[in-house]
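The values are calculated or read from the model by the stated rules, or taken from the named source; none is laboratory data. As the structure is a prediction and not an experimental result, all values here were calculated from the model. Cβ placement follows ideal geometry from the backbone for every residue including glycine, while neighbour counts extend to all protein chains displayed. Keep in mind that these areas ignore ligands, DNA and RNA; they rest on the heavy atoms of the full protein, side chains included. Shrake-Rupley method; radii C 1.70, N 1.55, O 1.52, S 1.80 Å.
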Amino acid sequence: MTGDYKALKLIASSNPHIRNNEDTRSIMLDVIIALVPALAWSIYRFGFRALVSALVSVASAMCWEWLYRKALKKPQMLGDLSAAVTGLLLAMVCPVTLPYWMLVVGNFFAIVIVKQLYGGLGKNFMNPALAGRAALVACYSTQMTSWIAAGEKAPLSLSGVDVVTAATPMALMKSDFATLTATHSIGDMFIGWIGGSAGEISSMMLLIGGLYLIFRKVISWHIPVAYIGTVALLALLFPHGNDPVQYMLYSVCGGGLMLGAFFMATDYVTSPVTKKGQLIFGVGCGLLTVFIRTFGSYPEGVCYSILLMNCTVWIIDKHVKPVRFGVDPAAEKAKAKEAAKK
């Protein structure tokens, strides 16, 4: 052995000794970057109130996390940007006309009740932003279902201002599909010349953001493809109207499907670990979304389908566990049966 061994720098770490530069902050930063195109489009379509709502939502989410951890004397985790992502996503699944204080209430439920009370990042069993939205719908259904008309600008303050509202494409798809096709083309739906939530109107911008996340390897393709593919297939097989392809395209481009498939259902904490499990999860989300859209009184089903599937992740992970290297599955089952008999 040549050289001075004392000059060697040895680093001890736990197995498997794999290192990279990815951490929670970098992942969350990528998610924020991926959401910028959809946010920018919502500002262009609805005015600067969309930006103010997003900033209020992000600030309140981070404030609730800081207050909770300060009160319980826990280390502050604001630097990981997970609270900022939750606040931004919540703003994007709410109407742009929603009062600011309601966003603060929604973030309290998302951050404190759903995330922090279960132990913080990595321990919540459902998506905090979607849980916050569900809570707002339950508490303030009128405000959460009042949508600004396509092409209208929302004033920064709604006090004393009459805002023109209209039915969303999803509501028209459920009640009068012929009116929807006469009012909005598929191009309008894809680009975002429609009404709806701040971050759901442009499938094109959301697709750009989703592809960015896949390119950056923040998410894999399994859940988005399984989710969107299931919705598309069912819409094609059971259409409303005379043109199955047209109904399928409206179903895919309308509502929160793109946002849910790329940004909500792919949440690391509340989605399965294995690729097979992710495919099952995506298919389940798609089935529930179509079921709620078709048979439920509420025209959109993305939020509740993902929340319901979040509750099944534990059983999916349990039954699709990969076989450990060198282990015979049949022998393991026989051993388990023998142990059960004793």
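Observations on the structure shown:
- Förster-model FRET efficiency, 30 Å R0, LEU236 and THR142, C-beta, rounded to 0.05: 0.30
- CD proxy at 222 nm, helix term only [per DSSP H run n ≥ 4: -39500 (n - 2.57); per residue of the chain; nearest 500]: -17500 deg cm²/dmol
- Of the solvent-accessible surface of the chain, computed with a 1.4 Å probe and all protein chains present, 67% belongs to carbon and sulfur.
- Among GLY301, ALA61, PHE190 - extreme Cα towards positive end, dipole of the chain, charges at beta-carbon: ALA61
- Based on C-alpha pairs under 8 angstrom that are at least 6 apart in sequence, the chain has a relative contact order of 17 percent.
- Globularity index of segment 83-159, i.e. its alpha-carbon radius of gyration over 2.2 N^0.38 Å: 1.16
- If a spin label sat at a point 7 angstrom from the Cα of ASP23 along the line to its beta carbon, no backbone N atom of segment 108-131 would be nearer than 15 Å.
- Projected onto its three principal axes, the C-alpha set of segment 143-250 covers 47, 39, 22 Å, listed from the longest axis down.
- Estimated dipole of the chain in Debye, rounded to 20 [Cβ of Lys and Arg +1, of Asp and Glu -1, Cα centre]: 1500
- P(r) weight above 18 Å for segment 36-115, C-alpha pairs, percent: 38
- For the chain, the alpha-carbon coordinates run over 79, 47, 46 Å along the three principal axes, in decreasing order.
- Violating pairs (Cα-Cα greater than 31 angstrom) within the set LYS174/LYS217; LYS123/LYS321; LYS123/LYS174: LYS174/LYS217; LYS123/LYS174
- Its alpha carbons give segment 229-329 an Rg and a Dmax of 15.5, 55 Å.
- Computing FRET efficiency as 1/(1 + (r/R0)^6) for PHE291 and ILE33, where r is the C-beta to C-beta distance and R0 is 51 Å, gives about 0.90.
- Total formal charge among the other residues, if their Cβ is under 13 angstrom from that of THR294, Lys/Arg +1 and Asp/Glu -1: +1
- Positive-end extreme of charge dipole, segment 19-147 - chosen from ALA34, ASN127, LEU51 (charges on Cβ): ASN127
- Cα-projected label distance for VAL273 with TYR118, points at 7 Å along beta-carbon direction, nm: 1.7
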